[in-house]
Amino acid sequence: MKRRLAAGLAALAIMVMALAGCQEAQVQLDAAQAADAILSAVSFEDEMTAVDADMRDTLYGTSASDIANAKVYVSTGATAEEIAVFEAVDEAAAGRIAEAVDKRLEQQRLDYEDYAPAEMPKLNDPALVKEGKYILLCVSNDKAAAMQKINELLGK
Amino acid sequence: MAVGIILVVLLFLCGVAAVIWKPWEPQEPGSGSMALGSEPGSAESETGSRLPTESMHAPVSELPGSGSDPSSETSPPVLTSSGSAVTKPRPDGDVVVKESPAVDTQYFDDALFIGNSRTQGLELYGGLRTATFYASKGLTVKTAATKAAIDIDGEKYTVVDAVKKGSFGKVYIMLGLNELGWNSTQTFVRDYEALIDAVRAAQPDAAVYVQSILPVTQTKSDEGSYVNNERIDEFNALLLDMCERKQVYYVDVAAGVCDAAGVLPEDAATDGVHLKPAYVKQWVEYLKTHAVQ
């Protein structure tokens, strides 16, 4: 009896762990499509334009070898609005990309603090989510809409 | 009789000398004052000189010296020993860069662009992938020497220090938008000249291009701040004078983006100042068709 109970509990534990693993593995994003979806869902003041991979790496200081897929939209410079969605090649790369995104935000804050102080609220409170291999950033005045879309993309 | 002949000869020689040699004259500040916002630490205020505005945003064909007179055309290109053309570092008298056959993007491989947020837009959207950009939001002719705003391999440099790194064949500068509110146009010109001197010292073989300040939209200009097209025209006139004194090229990129009224079209910029990608590309096209070779 005790053995059956122990075996049952073990099986249950394995099932729970397996289901948890499956839940994480189910988060699959196409970074470019995700960036496009955020662009459509969020209200921006400025004209947003996608930049190519070289410019992306210049802006963020990222390494192309860390990136499986990504898309970045920037503004004309009139505002600090920005969208960046990265899929890293692995967890370690995701850590490096996340650090790069944080540095980008910090530099933007330094640049806009005196230049255009009105941009600081959106830079100080961006929609920024790091989930496994994915990093999603949206700098806008519409954080609620950005977070809603990001959570939807991540299946939350 | 002999004295008369001698006098005539002397007058003739003076006339010839006046044509072939223009002596440098320092720019004297105008009278009066202009309360247009303050430059930190400056107590001076005077008006600058001003050329007719139609020369500032006129199409190339109306710019002085841009007619079909052969004597006004750019000299033949200087060739390296391998036969490739290099940019002449200094103008031959006329500093205004005239329209030329379009160069391709590779012309800008050895180009350095120095400027403010508008030049950041040029870097983002201009497609000049192999050029170098030392640009920072809010950059002025003063902070080009004092603010470590340029990141090179993780280290921060002022523009003046950054320009010592590497080797460039041509250096383009666009500054002035953030200085429009300065009381002292003399300080603006002085600091711009100091920047040119620093660039020349660091890159003695490079051609230096001073770009005219791009206009803003009429809506922006009508807001009533110091950022207006009349002030921009005044500053561009000062820049042209400066280029003539310093013998650096003046490239009137404003003409490449303005409309028939000489202002930035309303659809060119969300805030009336920062160009959308389509207009950045017009800026680049102007640079490609106004290149010294």
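Could you calculate the FRET efficiency of B:Y226 with A:D90 from 1/(1 + (r/R0)^6), where r is the beta carbon distance between them and R0 is 45 Å, rounded to 0.05? Efficiency computed from Cβ-Cβ geometry: 0.30. Note on the range B:78-288: dipole from Cβ charges, positive end direction compared against B:Q203, B:Q282, B:A269; the farthest Cα belongs to B:Q203. Compute the acute angle (0 to 90°) between the alpha-carbon long axis of helix A:2-25 and the principal axis of greatest extent of the alpha-carbon atoms of chain A; round to the nearest 10°. For A:2-25 against chain A, the angle is about 20 degrees.
A straight line joining the Cα centroids of the range A:133-153 and the range A:38-69 runs 14 Å. A Cβ-based charge dipole, computed about the Cα centre of the range B:78-288 with Lys and Arg at +1 and Asp and Glu at -1, lands at about 540 debye. In this label model, A:E45 and B:K147 are separated by 1.9 nm, measuring between points 7 Å along each Cα→Cβ vector.
Taking packing as the residue-averaged number of other Cβ atoms within 10 angstrom, the listed peptides B:94-101, B:149-156, B:177-184 run from highest to lowest as B:177-184, B:94-101, B:149-156. Close amide H partners of A:E131, meaning residues 5 or more places away or on another chain with modelled amide H under 5 Å apart, are A:L136. Once the Cα atoms are used to define both axes, helix A:31-41 deviates from the longest principal axis of chain A by about 60 degrees.
If you sort A:E119, B:E123 by accessible surface, 1.4 Å probe, largest first, the order is B:E123, A:E119. Geometric descriptor of the range B:78-288, per residue, is 122 Å³ (volume of the convex hull of the Cα atoms).
Counting Cβ atoms of other protein chains within 10 Å of each residue's Cβ and taking the mean over peptide A:64-72 gives 0. The calculated FRET efficiency for B:D109 paired with A:R109, based on their beta-carbon distance and R0 = 30 Å, is about 0.35.
Counting only protein heavy atoms and a 1.4 Å probe, the range B:78-288 has 36 square angstrom of accessible area per residue. Interface burial in the range A:76-92, defined as at least 40 Å² less accessible area with all protein chains than with the chain alone at a 1.4 Å probe, covers A:T76, A:A78. If R0 is taken as 45 Å, the Cβ-Cβ distance between B:D267 and B:D197 corresponds to a FRET efficiency of 0.70. Taking the longest Cα principal axis of chain A as reference, the axis of helix A:91-115 is set at about 30 degrees. What you get for chain A, charging only the Cβ of Lys and Arg (+1) and of Asp and Glu (-1), is a dipole of about 1360 debye around the Cα centre. Among A:31-41, A:71-81, sorting by the average number of other beta carbon atoms lying within 10 angstrom of each residue, highest first, gives A:71-81, A:31-41. Interface between chains B and A: roughly 1400 Å² of accessible area buried, both sides summed (probe 1.4 Å, protein heavy atoms only). A P(r) calculated from all alpha carbon pairs of the range B:182-293, with 10 Å bins opening at zero, reads 14, 40, 35, 11, 0 percent. Legend: distances between Cα atoms for A:K130/B:K147; A:K122/B:K276; B:K142/B:K164; A:K71/B:K98; pairs beyond 28 Å are A:K130/B:K147; A:K71/B:K98.
The values are calculated or read from the model by the stated rules, or taken from the named source; none is laboratory data. Bear in mind the structure is a predicted one, so any value in this text is a computation, not a measurement. All Cβ positions, even for glycine, are placed from backbone atoms using ideal geometry, and neighbour counts span all protein chains on display. Heads up: the accessible areas ignore ligands, DNA and RNA and are worked out on the full protein's heavy atoms, side chains in. Shrake-Rupley method; radii C 1.70, N 1.55, O 1.52, S 1.80 Å.
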